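Since the structure comes first, as structure tokens, the remarks are kept for the end.
The values are calculated or read from the model by the stated rules, or taken from the named source; none is laboratory data. Nothing here was measured: the structure is a model prediction, and the numbers come from that model. Every residue, glycine as well, gets a Cβ built from its backbone with ideal geometry; the counts of neighbours run over all protein chains shown.
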Amino acid sequence: MANEPWNEVAYRFFSSGDVTPSNITTKFRVAFETPELPAFDVVTATGDVVQVDGNAQAASYVSISKSPWDAGTETSLTTLATFEMPVELAFGAHRSQATLGQEFSFELVDTDTPLPDIPDIAIAAITQTTTTLTITTVADHGLVPGKSIGIRGCSNQLANYPALVVATIPSPRQFTVTAGPMGTIPSQTITDPAGAKGFVYFRERLGRANDGMSQIFENATVTNASFYIRSQSGDALASGTPAGNHAITVATTASVQAINAPYTYAFVPTSEYRLNLQADRVQATDSTIDALTQSASRVLRTQVCPNPADTYKFRIRATNNKSLTVLNAKVVSVVKTGTTTGTFTTLTAHGLTTGDLIVYYGNSNTAASAFPNVVTATAVTVVDATTFTMVIGTASTVTGYGGVIAKVQAGNLLSALGAVASTAINATLTTLTDGTRQLVLNGSANWTGPVIGDYVEVAGVSNVTNGALLGVDGTWKVANTATTVLTLVPVNAAFAATLPADFALTNSGGAVIRRTCLRVSFVRIFDYERQRVEMLARPATDLSAAAPVVLQGGTTAVTGTLTGVTTVSTVTAVTTAGTPAAPATPLIINSAASTNGQLVLTGTSGLQALFASNTGATPAYVKLYNKATAPTVGTDTPAMIITVPAAVAGVPGEKEITPGFNGYRFALGLGLAITGGAADSDTTAVAAGQVKVILSRTA
């Protein structure tokens, strides 16, 4: 058997009946080509949108659009099918934007009864010095370093961080934080407030699953994700910095417009992500879509692995954290009387208290002297449940209508959600010939931010007579954008049915907020079998049980380099017992800007195979010499000249020779050169990297 070719040994081994070979089996596949989602249990949170989209260039995807009005909500899509380990998940995910406080989780989790929810923890005191946040809790908190948390409900809004990670535990009722998924927290001073201290809430990494793995996009960087693995109800093992930022670098989640044209919705992903769960290891990789590049390995874990005895399901969770900055109320009117202080009247209770910090977008009169967009968090003074005052613009006597306000949490402005309010809005609602309702918003300045296919929230669109709403507030899809004109269509038929009758151009106020959308173009889940073949002594120290291997002494020099490949200085010849000759040794050469003369091997040599490629516009010539020393190119006479064709239309020319085991013999030694001409005396240099040669030869 020692001299038997490996492929024949392998064939007999797998055909013997002891091992049944099998290939990867597709267990689940969805490309979101139809409006229905029958393969998923879909739970949609208030204000969120879940629907299939895309209409061109094979772009099809499910859009999960998070509401800019609601914090502390979660939408999920869970497969009805279940899977057994080992299993591999592949998905194409991309986002319209990335925002701290919104989390998108892709999970393989067990089907057992979830762990019980953990209630929010009441805070007794909260302070911050530079970049260290210190929190004292009313009762024992039970936290450990590395836990993912957030702060909500503190009367000092700067402390309401949407995403943090516990750093240290000074005592059972105190802990500190220095970072979260956005990195180190902002340096600031927070004095323990006299008002509400707030609560600590948990950011669930796997949705309370007992076993599984999750990849979470949880910060504002499109090339970041955090990974978590849990086994049998234990603590979740995080990627990144254990007591700080769990995010690590991954391939980008940026959406690409395959076609940018009106009424054409063709977003495609930039990247494909893979999660691989095996009994003894868990791995996460990613790669560029439709590219001939190698996958990048991001996480490999062997110390914690989900239970292989469980069954698993795939789940997508889209979460607005509890302290995400969201819209609070629509504004009916704002009035100034010879002052910089505007009196705001809201349509519903604004929920503010004096001293709260807000931003404001979308008044009908955004002149500097009137009511420009307030994009810096500004304190308010509350008059009553629907009235407050705030400094805005310059001193003047003026009235404006419409728009929306948002209470700013932890300094995260609403602009992080993509606010794209125009300086003014003139609205027209029409019906197209196919029955599609269409809203056209004419601004007095260019629209920036949304692109065709994005979902946006239109809010506080009111007339300039008495501030009455025009009835077009809600979720729309961008059909076209051209300088000052934004054309929108209803995001779905249900919303279209709520719209009023068509109306002509109407002067109005109002804001347009870009909604965050997670787009998933495909999900593929594979089941496969790992075949394990071992030729090891058992136990390891019992050499009598090992397969015999004979080491042939001596070393063989290898010359030449290839860009991106580590240079090998020596190769030790190894044979199996009974083999009369050493196996072929490879040589890899990447041409330098020269004639590349070099000695490959001294003494009797055999060439068993050679392959060469040429990216040049003219042929190149690989010359082999029978010499015991390096050839003098142009003076020595080659024993063999091999022509490597020129590249054609950008495709390298190729040449391969395979004389076999005995090969071509070189009695004195094997020398090599690469030149641009065929003559024995030619010394034309080739370009660096133009010609690549790999050959196998034996001593």
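Here's the yes/no breakdown for (1) acidic (D, E); (2) surrounded by fewer than 23 Cβ atoms within 10 Å (Cβ to Cβ); (3) closer than 24 Å to P38 by Cα:
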| site | (1), (2), (3) |
| --- | --- |
| A494 | no, yes, yes |
| F503 | no, yes, no |
| T506 | no, yes, no |
| L518 | no, no, yes |
| F526 | no, yes, yes |
TODO: Considering only the stretch 38-83, give the strands (runs of 3 or more DSSP E) lying wholly within it that have at least 1 residues that are of a type in the set (V, I, T), touching a Lys or Arg at 6+ places or on another chain (Cβ under 7 Å) and within 18 Å of R208 (Cα to Cα).
DONE: 73-79
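Does F106 meet the test of being touching a residue at least 12 places away in the same chain (Cβ under 8 Å), crowded, with 20+ Cβ neighbours inside 10 Å and under 19 Å from the mean Cα position of the chain (by Cα)?
Yes; evaluated as a whole, the condition is true for this residue.
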- [ ] Run down G142, G150 and say which single residue is not in a strand (DSSP E or B) and not charged (D, E, K, R).
- [x] G142
TODO: Would you check if there is a residue in the stretch 685-695 being polar (S, T, N, Q) and at pLDDT 90 or above?
DONE: yes
- [ ] Please find, among T436, T448, the residue that is out of contact with any strand residue (DSSP E or B) (no Cβ under 8 Å at 6 or more places or on another chain), surrounded by fewer than 21 Cβ atoms within 10 Å (Cβ to Cβ) and among the hydroxyl-bearing types (S, T, Y).
- [x] T448
Open item on the list: Out of the residues in the stretch 241-265 meeting the condition of being surrounded by fewer than 21 Cβ atoms within 10 Å (Cβ to Cβ) and over 19 Å from the mean Cα position of the chain (by Cα), tell me which one is nearest to S226 (Cα to Cα).
Closed with: P242
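Let's see how each residue does on (1) in contact with a Phe, Trp or Tyr (Cβ under 8 Å, 6 or more places away or on another chain); (2) touching a residue at least 40 places away in the same chain (Cβ under 8 Å); (3) surrounded by 18 or more Cβ atoms within 10 Å (Cβ to Cβ); (4) closer than 13 Å to A410 by Cβ:
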position: A125; (1), (2), (3), (4): no, yes, no, no
position: Q128; (1), (2), (3), (4): no, yes, yes, yes
position: G142; (1), (2), (3), (4): no, no, no, no
position: P186; (1), (2), (3), (4): no, yes, no, yes
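Is it fair to say L115 is exposed (fewer than 15 other Cβ atoms within 10 Å of the Cβ), among the aliphatic types (A, V, I, L, M) and not in a strand (DSSP E or B)?
yes
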TODO: For the stretch 595-638, enumerate the residues that are under 15 Å from I674 (Cβ atoms), without any contact (Cβ under 8 Å) to a residue 60 or more places away in the chain and among the hydrophobic types (A, V, I, L, M, F, W, C).
DONE: L624, A630, V633
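Mind telling me which of the residues T130, T82 ends up being more than 23 Å from the chain's Cα centre (by Cα) and assigned by TED's automatic domain parsing to the domain that holds V166?
T130
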